[in-house]
Amino acid sequence: MNTITIKQLFSRYKIMALLIAIAIIWAFFSWKTEGGFISPRNLSNLLRQMSITGILACGMVLVIIAGEIDLSVGSLLGLLGGIAAVMNVTYQWPLPLNLVLVLAFGLLLGLFNGYLTAYMRIPSFIVGLGGMLAFRGVLLGVTGGMTIAPVSPDLVYLGQGYLPPQFGVALVVVLFVLALGLTWQRRRSRAQHSLPVPALWRDGLKVLLIGVVLLAFVRTLNSYDGIPVPVLLLLALLGLFSYMTTQTVFGRRIYSVGSNMEATRLSGVNVQAVKLWVFGIMGVMCALAGLVNTARLAAGSPSAGNMGELDAIAACFIGGTSMRGGSGTIYGALIGALVMASLDNGMSMLDVGSYWQMIVKGGILMLAVWVDVSTRSGR
């Protein structure tokens, strides 16, 4: 098998390769920690740790698909989380009002970034770099450079709470029925349009595998304390964003803008509006991640979100999002976030120096981009 064929196979089965890589990483850390890495308690902590990067990656993947980049998300996460802490601790505003205001701030600041990029034609790299500095400065001013604590128990629940075990089982049933219904609908749609329909046993095996994975997932987490609330939020975002990118006109336009912006503009699509709202969605994701991070730490920290933008960008590239734009998936980005979180968690358990952790993560990011470049050039 020649090099071109290997590249084509890897490009086609990239997600499968990532899942194999995760299995190898988990097996290695499980061996080195004598099974501690795959204990229900550590897996629960791992998924909770991954959720913040995963939430950011849900927004970042849309930005990159649209052909842009946002370096301000870590600082924006910290700022919005700090605002949530100040409103909760200093002013003691009720949680619903706090959530609405923080999400609204996130949307407005994201739209501001999008306006500068799409309408003022400032390169998104520069807008993000300026935002990284400016938002961090505002955060230091809002918090006075001090940690704001302790936040109320109802806010803490967003980052530290668990779904009761019985609700976890009900969630498995709902998701399995949903997977079954979507598979059946896809088969009917392909048959109605005279398209090739996969063999029934293949779709049946796929649905069965989904059910087994869901059951193992919930049983493992229920054996500790249940599904963490941030993980539940991440699953909801996975479903919402996957539907948006595959089943809506707006989702298809994001891919079109990233693939060929000029052709998309000439076809009548308002390219500037698409980019504006992509950045707006990114701002909302920063708000959600900031709330979860503040709740997880039970405090608003002036250093919150530091280097968060690099983790989110790395998760997208590792998950198969093309740096050229026009290509990428939400589930791929979340798998990339799981790779990053697994490395962080495993190396921390082994007391690996923080400098080695940064070296490893930087090397993996460069490897992911190299794979993207090489597989595309080999087509």
Estimated FRET transfer efficiency (residue 188, residue 208; beta-carbon r; R0 22 Å; 0.05): 0.65
Dipole axis of region 162-227 (+1 Lys, Arg; -1 Asp, Glu on Cβ), positive-most option in 189, 209, 179: 189
Debye equation applied to the C-alpha atoms of region 193-297, log10 I(q)/I(0) at 0.10, 0.22 Å⁻¹: -0.52, -1.14
Checked region 28-165 against the a/c 1.5 cut and the a/b vs b/c comparison, axes a ≥ b ≥ c from its Cα gyration tensor; verdict oblate
What ranking, highest mean first, results for peptides 110-122, 309-321, 14-26, 199-211 when packing means the other Cβ atoms within 10 Å averaged over each residue? 309-321, 110-122, 14-26, 199-211
Selection from 90, 101, 337, by position along the positive dipole direction of the chain (Cβ): 337
May I ask you to give the solvent-accessible area per residue for region 162-227, in square angstrom, as obtained with a 1.4 angstrom probe? 71 Å²
Ranked from the most accessible area to the least, with a 1.4 Å probe and all protein chains present, what is the order of 296, 136? 296, 136
Where the only charges are on Cβ atoms (+1 Lys, Arg; -1 Asp, Glu), what is the dipole of the chain about its Cα centre, to the nearest 20 debye? 1260 debye
Carbon and sulfur together cover what percent of the accessible area of region 162-227 at a 1.4 Å probe radius? 71 percent
What ranking do 138-147, 348-357 get when scored by the average of other Cβ atoms within 10 Å per residue, highest first? 138-147, 348-357
Please report, in debye to the nearest 20, how large the charge dipole of region 63-219 is about its Cα centre when each Lys and Arg carries +1 at its beta carbon and each Asp and Glu carries -1 there. 720 debye
So for the chain, if I pair up every lysine 8 or more residues apart or on another chain, how many of those pairs have alpha-carbons under 25 Å apart? 4
Could you work out the Kirkwood radius for region 162-227, taking every pair of different alpha carbons, averaging 1/r and inverting it, reported in Å? 13.1 Å
Excluding residue 180 itself, calculate the net charge of residues whose Cβ lies under 12 Å from the Cβ of residue 180, where each Lys or Arg counts +1 and each Asp or Glu counts -1. +2
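The values are calculated or read from the model by the stated rules, or taken from the named source; none is laboratory data. Since the structure is predicted, the reported quantities are computational estimates derived from the model, not experimental observations. Cβ coordinates were reconstructed from backbone atoms using ideal geometry, including for glycine residues, and neighbour counts include every protein chain displayed. Note: accessible area is taken over every heavy atom of the protein model, side chains too, but ligands, DNA and RNA are not part of it. Shrake-Rupley method; radii C 1.70, N 1.55, O 1.52, S 1.80 Å.
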